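Structure first, then comments.
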Amino acid sequence: MHSSFVRVQNVFGFFTTVACVFAAFIAATDLFAARTPTGTITPHNIQVVKGRPHYYSSKKEEYAIIKFSLDADLSSLFTWNTKQVFVYVTADWPTAPGQNSSNSAVIWDSIITNPSADHLKNIGPIAMKKLKRSSEGKTIDPSRGILRVKNQKPKYQITHPGGKIAQSQDVTLKLHYNVQPWVGLLTWNMDKDLGFWKVINGGSSNKFDLPAIKSKDSKTKSKGT
């Protein structure tokens with residue numbers, strides 16, 4: 001005859017098995033929800049400066065500042081199982097000729113939460129009321145995932161371990177995302193189509209070159225003219 005402890009243990013084991021199966025079923029439903037993200041990104045006002053890119057930098061080095069405009073539709077990433085979407089923009093460029101590696105640096109990021117996860121954001125009561133009012137009767141607010149950014153300043157400057165980044169060639173800005181579900185695995189950009197999940201349509205800028213650092217002589221000449 002089983003003891004009370006064994007009975008409780010069996011009930012708990014059965015409960016966790018059912019919960020795991022149910023969670024796996026919920027996560028699998030994401031595979032049947034279409035993901036068709038689109039994005040257009042354009043760089044503006046590209047500068048290369050020599051100085052201390054961070055307050056904790058011990059020496060001066062070259063760093064790039066790239067403003068950009070972003071027009072993206074990531075609303076298809078939001079389903080009933082989406083908790084939040086992490087969006088970020090990187091600058092990618094090849095290394096010196098003869099090397100088979102590349103450089104990539106994040107210049108901007110943002111977190112877009114599902115309406116049901118708005119309590120995770122540190123916002124005021126008035127903004128919370130507006131969000132709740134806009135999402136009444138809707139499972140997902142249609143405006144979620146729609147990004148319209150103009151002349152956005154980068155959050156992070158671009159540096160290089162060698163200390164020099166001016167006149168780097170073939171730089172490309174790329175849009176990335178990371179979907180965090182309520183249940184299931186984290187998912188990132190698709191390199192190729194997978195069923196209903198599609199690669200970002202667009203999502204990268206045309207190639208451009210970083211400018212040279214303006215010397216003191218060129219600055220004095222421009223002031224004199």
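Using only the alpha carbons of segment 147-199, determine the length spanned along each of the three principal axes and report them from longest to shortest in whole angstroms.
42, 24, 20
For segment 1-117, how big is the tail of P(r) above 19 Å, as a whole percent of Cα pairs?
Numbers: 4825 of 6786 pairs.
Value for segment 1-117 (Cα pairs over 19 Å): 71 percent.
Please report the accessible area of LEU173 (heavy atoms, 1.4 Å probe, ligands and nucleic acids excluded) in Å², nearest 10.
0 Å²
Work out, step by step, the length gained on full extension between ALA19 and ARG7: first 0.36 nm times the residue separation, then minus their alpha carbon distance; give nm to one decimal. Spell out each step's value before the answer.
Values: separation 12, 0.36 × 12 = 4.32 nm, distance 1.84 nm.
Between ALA19 and ARG7, full extension yields an extra 2.5 nm.
The values are calculated or read from the model by the stated rules, or taken from the named source; none is laboratory data. Just so it is clear, the structure is predicted and the values come from calculations on it, not from any experiment. What goes into the accessible areas is simple: the full protein's heavy atoms, side chains included, and nothing from ligands, DNA or RNA. Shrake-Rupley method; radii C 1.70, N 1.55, O 1.52, S 1.80 Å.
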